[in-house]
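Below: the structure, in structure tokens.
The values are calculated or read from the model by the stated rules, or taken from the named source; none is laboratory data. Because the structure is predicted, anything quoted here is derived from the model rather than measured. Here the Cβ is made from the backbone with ideal geometry for all residues, glycine too, and neighbour counts use every protein chain on show. The area values use the complete protein model at the heavy-atom level, side chains included, leaving out ligands, DNA and RNA. Shrake-Rupley method; radii C 1.70, N 1.55, O 1.52, S 1.80 Å.
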Amino acid sequence: MALGLTLLVLSLAVAAEPAANPSLSVGSKKFTESVILGEALTLLLADGGFQVAHRAGLGGTRILWGALRSGEIDAYPEYTGTLLREILAERALPDLGALRAALAEQGIRMSAPLGFENTYALAVTEATGARLGLETISDLRAHPDLRLGFSSEFLDRGDGWPGLKVRYRLPQTRVQGLDHDLAYRGLATGRIDVTVVYTTDAEIERYGLRLLDDDRGYFDDYQAVLLYRADLAERAPGAAVLLRRFEGLISEPVMASLNGRVKLDGISEHQAAVELLQERLGLAVEAETVGFWQRLWQRTAEHLGLVAVSLSAAILVAVPLGIVAARRPRLGQVLLGVTGVLQTVPSLALFVFLIPLLGIGWPPSVAALFVYSLLPILRNTHAGLIDIPRPIRESADVIGLTPNARLRLVELPLAARAILAGIKTSAVLNVGTATLAALIGAGGYGQPILTGIRLDDVGLIMQGAVPAAGLALAFQGLFEFGEHWVVPRGLRLRPATAGPQD
Amino acid sequence: MLRYLGVRKQYSGQIALDGVDLDCPEGRTSVLIGPSGCGKSTLLRLAAGLIRPDRGGVWFEGAPLAANNLRAARLRMGYMIQEGGLFPHLSVRGNVELMARELGWPAERRRARFSELAELVRLPARLWERYPLELSGGQRQRAALMRALMLDPDLILLDEPLGALDPIIRVELQRELAAIFARLHKTVLMVTHDLAEAVFFGDRLVLMRAGCVVQQGSAQALLQSPAEAFVADFVNAQRAPQRLLAEAAEHMRPADV
């Protein structure tokens with residue numbers, strides 16, 4: 001039954017997706033360069049008369065690749081090295097021709113290189129480099145105490161740290177995962193000594209970093225290309241031609257300077273994309289300006305939508321399940337165990353797991369938030385019912401109430417406070433977790449937070465974090481107010497002070 | 001009215017009742033008494049249908065209690081326990097009228113019955129809309145008694161109904177309860193561990209030990225001619241058995257007339 005209800009909620013989540021259906025969708029990864037390229041593609045397609053949406057800053061290669069395969073997005077910028085060593089690593093493809101053919105088998109086309117390379121490089125501060133005489137990656141072998149900080153993607157992927165460590169026989173054991181954009185700060189503040197950078201990162205210059213020579217030729221070519229779906233030709237004739245105008249268009253200095261414009265000069269990726277189109281294609285695209293309040297309102301609507309739908313569904317499922325769990329102790333243990341395990345699944349992992357089933361954006365976000373909201377409500381409903389003293393339950397039976405009447409007239413009112421507390425916990429957690437939904441393109445307050453982390457822009461982070469905290473507090477207040485309506489008066493009383501005993 | 005026939009009951013291997021035969025005759029108050037663990041509460045819980053016998057049967061008004069007639073039987077029983085078992089989220093009126101409301105009694109009939117009972121148990125009108133937490137222990141037990149009597153039951157089951165009260169209130173309520181039962185002519189089955197209380201209420205005492213009925217009969221019979229040593233020991237273990245005897249004699253006289 002639980003499974004059935006869950007499926008019902010999932011299908012509701014799919015059906016209720018509010019966004020109008022744009023005919024085309026462009027994706028980008030959650031780092032500046034990818035977002036600029038994605039935005040430029042989007043503007044170019046829109047300029048060509050297509051209805052197109054940009055799913056900006058999606059959280060990771062796997063999510064984008066999955067979304068492209070399933071048709072959730074139609075195109076996104078990628079790098080050849082990532083394709084060869086990560087996405088299609090098991091095929092051990094020898095060259096770009098073979099890669100192109102392998103992609104075609106999956107209904108994916110690859111453009112010619114866009115003109116710049118953005119490969120991985122290991123970076124140290126100039127000071128560290130000079131002090132230890134570090135010039136090449138091989139030089140690191142002599143300094144096993146160095147602290148390395150890599151993005152978690154680099155730590156895991158086939159062409160990342162595991163292979164690098166083997167190739168260079170690196171002895172360092174102090175390796176920690178952290179966000180790519182935070183790694184620069186880590187270097188600057190001396191928390192880590194070595195990190196991995198992309199060679200077009202604007203911060204290399206800004207922080208005065210020394211790039212270590214890849215003297216054993218470990219890192220692949222990471223030429224930027226565009227991936228797009230082969231069926232674009234039928235669905236949107238002319239779109240592919242537009243996309244391919246980017247081929248050979250963007251040199252390394254151009255890309256690095258655009259990255260710098262965003263990360264150092266503080267212009268938006270949208271603005272950078274407009275400049276790219278203007279300078280390289282002579283296209284005059286009007287930069288759209290969305291007001292602060294309008295954007296805040298839109299994010300609030302997205303965030304509230306996520307929370308409201310997932311929380312309502314969780315209440316409808318978890319309260320009845322809590323009742324079942326209280327009635328049947330053994331089944332109850334199973335239900336509590338299962339929801340408890342679900343709770344421990346990391347949110348990004350859950351998102352990625354749901355994407356093949358539900359795509360990206362709203363449906364998987366709602367489904368994931370729904371799953372996370374189950375446990376507190378289920379557990380509190382169960383506990384609230386179990387905690388009802390046996391004499392009370394038995395009195396209800398012996399005065400002649402049927403089990404259903406007992407539940408409705410006695411048990412649920414007595415458990416109301418606990419159930420409400422569970423819902424409140426879920427609501428507050430839900431508001432927080434929903435910020436992660438931006439990783440899979442569902443928007444909300446997470447969008448400025450992610451962008452802010454990427455751009456190292458505290459103001460932008462606050463634009464998401466402050467309203468999110470406000471919303472959480474609002475929910476808390478709402479539920480405390482609601483207690484007066486839901487919790488029976490007799491339960492809100494303090495015991496009588498010693499009065500006349502008559 | 002209520003009969004136990006060869007009732008056996010075990011809790012996880014421990015024998016609680018070992019083949020009990022017992023009759024609770026109509027219109028009289030039977031009091032189950034004995035040391036803790038003797039099975040007296042188990043007998044009461046069997047009558048309320050809260051547990052089922054492993055062997056034997058509990059007969060209520062000529063039919064064995066079973067899943068299919070349990071609810072109908074319960075509607076003809078009143079039930080009151082030590083702490084009253086009042087629902088804390090409902091007022092006195094809410095508690096007392098709950099089942100009548102479920103059964104679809106019209107409001108006027110409910111109110112009339114409520115007022116009648118409030119007068120019977122002497123619960124002042126200012127307390128009618130209060131919640132259990134706002135009442136004293138004695139007031140709660142009066143409200144619980146009203147709830148037990150609301151549907152005018154044929155059988156009243158009382159499990160240590162005054163056990164949680166302080167001695168002064170307890171004596172006062174004992175008198176009132178006894179008077180009410182005498183007046184209503186109900187069949188009452190009551191559990192207590194207090195011999196004085198048993199003597200006070202019971203025209204029939206049922207003394208139990210280790211899951212068996214040891215002796216049953218009038219209070220005088222039990223006190224004056226114990227059937228075996230255990231009965232005498234139990235009686236003597238209570239405070240001032242001589243005074244109890246006198247009280248019993250005094251209490252029995254008006255009933256015998």
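So the values come out like this:
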read-out	value
Helices (runs of 4 or more DSSP H) within the stretch A:272-384 that include 1 or more residues within 17 Å of A:T435 (Cβ to Cβ)	A:292-327, A:347-358
Among (1) open to solvent by less than 40 Å² (accessible area, probe 1.4 Å); (2) over 19 Å from A:A224 (Cβ atoms), the one test that A:R174 misses	(1)
The lone exception for B:L70 - which of (1) hydrophobic (A, V, I, L, M, F, W, C); (2) over 22 Å from A:A396 (Cα atoms); (3) within 10 Å of chain A (Cβ to nearest Cβ) it fails	(2)
Residue list for the stretch A:70-104, filter: surrounded by 15 or more Cβ atoms within 10 Å (Cβ to Cβ), modelled with pLDDT under 90 and basic (K, R)	A:R85
Members of the stretch B:113-155 that are open to solvent by 60 Å² or more (accessible area, probe 1.4 Å) and over 28 Å from B:I168 (Cβ atoms)	B:D152
Residue match in the stretch A:177-190 (condition: in contact (Cβ under 8 Å) with a residue 24 or more places away in the chain and over 27 Å from A:I453 (Cα atoms))	no
Qualifying residue in the stretch A:255-262 (condition: touching a helix residue (DSSP H, G or I) at 6+ places or on another chain (Cβ under 9 Å) and open to solvent by 30 Å² or more (accessible area, probe 1.4 Å))	yes
Flag if B:G6 is within 12 Å of B:V213 (Cα to Cα) and surrounded by fewer than 16 Cβ atoms within 10 Å (Cβ to Cβ)	yes
Which listed residue, of A:L350, A:L357, is open to solvent by 40 Å² or more (accessible area, probe 1.4 Å), within 20 Å of the chain's Cα centre (by Cα) and away from chain B (no Cβ under 14 Å)	A:L357
Residue within the stretch A:230-237 that is farther than 20 Å from A:G27 by Cα and either buried (at least 22 other Cβ atoms within 10 Å of the Cβ) or under 29 Å from the mean Cα position of the chain (by Cα) (or both) present	no
Residues located in the stretch B:83-136, provided they are among the small types (G, A, S), free of Cβ contacts under 8 Å to residues at least 40 places away in the same chain and facing chain A (nearest Cβ under 10 Å)	B:G94, B:S136
Residue in the stretch A:297-318 that is of a type in the set (S, T, N, Q), out of contact with any strand residue (DSSP E or B) (no Cβ under 6 Å at 6 or more places or on another chain) and more than 26 Å from A:S28 (Cβ to Cβ) present	yes
Meets criteria (among the charged types (D, E, K, R), more than 14 Å from chain A (Cβ to nearest Cβ) and free of Cβ contacts under 8 Å to residues at least 60 places away in the same chain) for B:R55	yes
Scan of the stretch A:383-396 for residues that are more than 7 Å from chain B (Cβ to nearest Cβ) and open to solvent by 20 Å² or more (accessible area, probe 1.4 Å), ordered by number	A:A383, A:I386, A:D387, A:P389, A:R390, A:R393
Checking B:A63 against (1) open to solvent by less than 40 Å² (accessible area, probe 1.4 Å); (2) more than 10 Å from every other protein chain (Cβ to nearest Cβ); (3) touching a residue at least 40 places away in the same chain (Cβ under 8 Å); (4) over 19 Å from the mean Cα position of the chain (by Cα), the condition it does not meet	(3)
Looking only at the stretch A:18-39, and only at residues there that are over 18 Å from the mean Cα position of the chain (by Cα) and either surrounded by fewer than 24 Cβ atoms within 10 Å (Cβ to Cβ) or at pLDDT 95 or above (or both), the one that is nearest to A:L455 (Cα to Cα)	A:E39
Among the candidates A:G186, A:G107, residue that is surrounded by fewer than 19 Cβ atoms within 10 Å (Cβ to Cβ), in the same structural domain as A:S251 (by TED's automatic domain parsing) and touching a strand residue (DSSP E or B) at 6+ places or on another chain (Cβ under 7 Å)	A:G107
Members of the stretch B:73-130 that are of a type in the set (S, T, Y) and closer than 22 Å to A:P389 by Cβ	B:Y79, B:S91
Filter result for the condition that a residue is free of Cβ contacts under 8 Å to residues at least 12 places away in the same chain and more than 10 Å from chain B (Cβ to nearest Cβ), over A:N380, A:N404	A:N404
Evaluation of B:D154 against (1) more than 24 Å from B:G37 (Cα to Cα); (2) within 11 Å of chain A (Cβ to nearest Cβ); (3) in contact (Cβ under 8 Å) with a residue 12 or more places away in the chain; (4) among the acidic types (D, E) (one fails), failing number	(2)
Helices (runs of 4 or more DSSP H) wholly inside the stretch A:390-502 that include at least 1 residues being over 19 Å from the mean Cα position of the chain (by Cα)	A:390-398, A:403-406, A:412-433, A:458-486
Check on A:I399, farther than 23 Å from B:G49 by Cα and buried (at least 22 other Cβ atoms within 10 Å of the Cβ)	no
Answer from B:V231, B:V214, B:V235 - the residue that is in contact with a strand residue (DSSP E or B) (Cβ under 7 Å, 6 or more places away or on another chain), surrounded by 15 or more Cβ atoms within 10 Å (Cβ to Cβ), farther than 22 Å from B:T187 by Cβ and modelled with pLDDT under 80	B:V231
Where B:I15 falls short, out of the listed (1) modelled with pLDDT of 90 or more; (2) more than 12 Å from chain A (Cβ to nearest Cβ)	(1)
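Residue by residue, here is whether (1) open to solvent by 10 Å² or more (accessible area, probe 1.4 Å); (2) in contact with a strand residue (DSSP E or B) (Cβ under 7 Å, 6 or more places away or on another chain) holds:
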position	(1), (2)
B:Y11	yes, no
B:L17	no, yes
B:D23	yes, yes
B:V31	no, yes
B:S36	yes, no
B:K40	yes, yes
B:L44	no, yes
B:G49	yes, no
B:P53	yes, yes
